[in-house]
Amino acid sequence: MTGRKYSNRRVFPEQEWYEKLRPMLLFGQTVASRAKETGTSERTLHYKADQFEQEGMVSLFPNERTSTAVCLGAISRKICAS
């Protein structure tokens with residue numbers, strides 16, 4: 001099992017990002033205050049939140065985003081070629 005260990009449970013990077021974004025996305029916390037709480041730059045939080053709103057949970061999994069983007073690009077090219 002991978003992931004960082006906190007006490008008796010493991011926390012994966014994707015879960016850490018979700019927990020950073022959650023208060024902003026669900027409860028309207030400002031990016032500035034969340035950045036101070038988490039030690040993450042405002043710019044990064046804005047970017048991650050935008051990606052999450054566009055792509056959903058898959059945006060938290062970098063390898064999944066790449067394969068999805070490649071797949072969608074191939075599908076788009078086939079549709080446009082027809």
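The values are calculated or read from the model by the stated rules, or taken from the named source; none is laboratory data. It should be emphasised that the depicted structure is a prediction, and the values quoted were computed from it without experimental measurement. We place every Cβ from the backbone using ideal geometry, glycine too, and count neighbours over all the protein chains shown.
Checking the structure you have, find out if any residue of segment 27-37 is at pLDDT 90 or above, of a type in the set (Phe, Trp, Tyr) and out of contact with any Pro (no Cβ under 6 Å at 6 or more places or on another chain).
Yes.
Selection of first residues in segment 31-59 that are free of Cβ contacts under 8 Å to residues at least 40 places away in the same chain and more than 13 Å from residue 17 (Cβ to Cβ) and of second residues that are assigned to a helix (DSSP H, G or I) and among the charged types (D, E, K, R), restricted to Cβ pairs under 7 Å at least 6 apart or on distinct chains, gives the following pairs, ordered by first then second residue: 31/42; 32/42; 35/42. Scanning segment 20-64 for residues that are among the hydroxyl-bearing types (Ser, Thr, Tyr) and loosely packed, with under 14 Cβ neighbours inside 10 Å yields 30, 33, 41, 47.
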